[in-house]
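Beneath this line is the structure, given in C-alpha cells, with notes to follow.
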Amino acid sequence: MEKGILCKQIIISDKFFKSVGQIFEFDDVIYGKEQAIAYQQKIRKSLGTLQNFYTAYAECRHLATRSRKYRNITIDSCSIIYRITDKSIEVLDIIHSASGLRKK
C-alpha cells in the first residue's frame with residue numbers, strides 16, 4: 001500500500017457490470033472465448049489493485065476536478081472510470097476508447 005493511503009471499500013456500479021458483459025460478448029464474437037475470458041481476468045486483476053493503490057492511476061482527463069476524485073485505469077483500449085470519495089472507491093463504468101464518453 002502507498003505510504004499514507006487508507007484502504008477504502010470498493011463499490012461497483014450496475015453500469016460497470018453491464019458494460020463488462022457487453023465487452024465480453026464483443027470479444028467472444030471477434031476474438032473467441034479464450035481471449036474474452038483472458039480480458040475479463042485482466043479487468044478483475046486491475047480492480048483488485050484499486051483498494052490499496054487508487055491514487056496511483058491517472059486523473060480522468062474527461063472529468064477533471066480540483067479534488068482529482070475521478071480517475072481511470074487504462075487496460076488495452078478500455079478505461080475503467082472510478083471516483084474517490086471520503087469512504088469508498090466507486091467504480092462507475094468501463095469504456096472502450098473507440099466509443100468515447102457517452103451519456104445514457
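Structure notes:
- Percent antiparallel among DSSP beta bridges (both partners in segment 9-96, rounded to 5): 80
- Coarse-grained scattering of the chain at q = 0.12, 0.20, 0.21 Å⁻¹, given as base-10 log I(q)/I(0) from a Debye sum over alpha-carbon atoms: -0.40, -1.05, -1.14
- Summarising the overall dimensions of segment 55-97 from its C-alpha atoms, the Rg and Dmax are 9.9, 29 angstrom.
- Compared with the dominant principal axis of the Cα atoms in the chain, helix 33-53 is inclined by about 0°.
- Helix 14-31 vs. the chain, principal-axis angle (Cα, 0 to 90°, nearest 10): 40
- Per-peptide average of other Cβ atoms within 10 Å, ordering 81-89, 8-16 highest first: 81-89, 8-16
- Calculated mean residue ellipticity at 222 nm for the chain: -13000 deg cm²/dmol, from DSSP H runs with n ≥ 4 weighted as -39500 (n - 2.57), summed, divided by the residue count and rounded to 500.
- Sites listed here are GluC sites (Glu not before Pro) in segment 2-80 whose DSSP assignment is loop and whose Cβ has at most 15 other Cβ atoms within 10 Å: Glu2.
None of the figures in this text is laboratory data; all of them are computed from the coordinates on show. It should be emphasised that the depicted structure is a prediction, and the values quoted were computed from it without experimental measurement. Glycine gets a Cβ as well: all are built from the backbone with ideal geometry, and neighbour counts include every protein chain shown.
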